[in-house]
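One structure below.
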Amino acid sequence: MGIGINNTQRLVPGLIERPGGKIVDLPKDETVKQANFTEMLSGLVNNVNELHDESGRIQQAFLAGEPVELHQIMIKAEQAGIATDLLLEIRNKLMTAYNEIMRMPL
């Protein structure tokens, strides 16, 4: 596998190739906040938790006799289920990556 501009850009984002073949840095936009992986993962877990809480609230409201449409209950339950499936897939990928790193020889 050769090292081309596409491979380089995947490894070092923010580089561009000029027509003359020179690679230069792109100007940095200081106003854009870089998201931390931990913050992103924490936000995802919180979002999944909120979806499950909302699903539980709307189900309890329906059981209490409040005017809640059945399709709203199903939509909220499916959203929570899909979000949980996504979170589990991310966890599985992280565990696979961790195990691969641990198997690497030093």
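No value in this document is a laboratory result; all are computed from the given coordinates. Everything numeric here is computed off the predicted structure, so don't read it as measured data. Heads up, the Cβs are rebuilt from the backbone with ideal geometry, glycines too, and the neighbour counts pull from every protein chain shown.
Return yes or no: is Glu66 in a helix (DSSP H, G or I) and of a type in the set (D, E, K, R)? Judged against the criteria, Glu66 is not a match.
Can you confirm whether Asn92 is exposed (fewer than 14 other Cβ atoms within 10 Å of the Cβ) and touching a residue at least 24 places away in the same chain (Cβ under 8 Å)? For Asn92, the condition - exposed (fewer than 14 other Cβ atoms within 10 Å of the Cβ) and touching a residue at least 24 places away in the same chain (Cβ under 8 Å) - is not met.
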